[in-house]
Structures are given as C-alpha cells and as structure tokens.
1. Within the range 99-121, does at least one residue satisfy the condition of being part of a helix (DSSP H, G or I), modelled with pLDDT under 65 and in contact with a helix residue (DSSP H, G or I) (Cβ under 6 Å, 6 or more places away or on another chain)?
2. For the range 45-66, what are the residues that are surrounded by 20 or more Cβ atoms within 10 Å (Cβ to Cβ) and of a type outside the set (Asp, Glu)?
3. Answer yes if at least one residue in the range 160-173 is surrounded by fewer than 16 Cβ atoms within 10 Å (Cβ to Cβ) and either more than 28 Å from SER71 (Cβ to Cβ) or not assigned by TED's automatic domain parsing to the domain that holds THR212 (or both), and no otherwise.
4. Take the residues of the range 49-78 that are of a type in the set (S, T, N, Q), over 11 Å from the mean Cα position of the chain (by Cα) and at pLDDT 85 or above: which is farthest from LEU92 (Cα to Cα)?
5. What is the residue count in the range 146-173 for residues that are farther than 12 Å from ALA131 by Cβ, in contact with a helix residue (DSSP H, G or I) (Cβ under 7 Å, 6 or more places away or on another chain) and in a helix (DSSP H, G or I)?
Amino acid sequence: MTMSRKKVCLMLVIVFMLSIAAIALVDSADAASYKKGSSGDMVKQIQQLLKDQGFYSGSVDGVFGSATEASVKKYQQRYGLEADGKVGTKTLAAMGLKDTGGGQSGGQNTGGGGGGNASGDVALLARLISAEARGEPYHGQVAVGAVVLNRIGHPSFPNSLSGVIYQNGAFTCIDDGQFNEPIADSAYQAARDAMNGSDPSGGAIYYFNPSTATSKWIWSRPLVVVIGKHRFCM
C-alpha cells in the first residue's frame, strides 16, 4: 500500500470515529431529557409554551406529571417528532427553547413565597399532599409529606423525591387522576414544613384510610399515630 493510500485510510478511520463520538453525544443529550418526574424552571417553560399553543391546560407549576407528558406527546405528534412524551434535544429545538440545565428533580430544595413561587420539589410534594390529603387536618397534610420524605432515606424505597412519588403502585392518586387536580394552597406550606423537618407522622413510612383499605398487609403494619382519616404506620 502506498503512503497516500495509507493516509486516506487513516483519514477515513478518523472521520468514522468522530462520527461515532458525535452520535454518542447526541444520545447522551437525549438521555438527559425532561420527562415524567422532572421538575424546575425548565419544566415551567415547557408547560407555558404548551399552554400558549393549546396543548396543555394544567397548572404551570414546574412539575412534569402525567398531564404534561400527555401534552408533550400531542405536541410531538403535531410536529412529526417521536411521540415519547420526553422533551429531549430535538423537542426542545422544535419548541425554540434553550436548555437552562435547571430542571431535573432529586434534591430537597425549599422555597419561599406562595405556591406560584414554589421550587420544583416543593411543588411536586405539594401536589402529592393535595391529592392524597385534601380536606385532612393541616398536620395530617404535613404528615403525608413527611411520609414521602421518610421513604427517601429508607432502603426499601427510591432515594429521590420524584422516585418515591412516581414509584409504581405507591400512591393511588397517580393512577386515578387526582394528582393532576389543582393544588390546595395549604399543601404548599405543608410541603415546606415537612421539608423543614416537621413530622407529625412520628417517622412513619406508610399511611392508609381504614374506611377504604382492604389489604391485610397494610393493616398488619405497626401503628404510630392516627391523624384525621389516616392511620400512619411503619
């Protein structure tokens, strides 16, 4: 093989390797997409755009729940994108949004002000509290939030707020649509109080309504305290 042919082959190999690297970077970017369970300012921007264009009618709260996911799919179908309900690089580009990197949930951030100014994690926990304990005494709402946070540090549950809330079968409100209802104002403060360490549940990791619960297993859990209509247990 002549020297020139060796150079051509070497250049082709380099081009091939660079192409593989570029594909890997794109895939990596897509893997960091905003999806069900994400929260934060970027999710708010996505929700606002979807709402402005008539794809979304829910609250612009920075919580990527089932309603946001369904709206993203409608948007993707309308503009010929893969309708997977995730907002990756291609969908962000189609929306004309620039990723600010402030979106994936996981920590326990606390926020001040009213519900509209709540941080992503506060809003996510408030949504769960509102759906699960709407109408319950205030300290019962805080207790529900505390149970969610207690699970984060327990080896039997996921180690993030969104992981606990969206764990399959963990909360009925995720499946029956209550999770997507408007958030009660008291739930925001209850979420903040729980995140600041208030725990009326006494460290419980489960709770249930005795008037509707039929599982023998949940009834077998050691009782810690009864608040309102809920029994909190270990």
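1. yes
2. GLN45, ILE46, GLN47, LEU50, TYR56, SER59, GLY62, VAL63, PHE64, GLY65
3. Checked against the condition, which is being surrounded by fewer than 16 Cβ atoms within 10 Å (Cβ to Cβ) and either more than 28 Å from SER71 (Cβ to Cβ) or not assigned by TED's automatic domain parsing to the domain that holds THR212 (or both), the range 160-173 yields no hits at all.
4. SER57
5. Matching residues across the range 146-173 total 7.
The values are calculated or read from the model by the stated rules, or taken from the named source; none is laboratory data. Since we're looking at a predicted model, the values are computed, not measured. Note: ideal-geometry Cβ built from the backbone for every residue, glycine included; neighbour counts use all protein chains shown.
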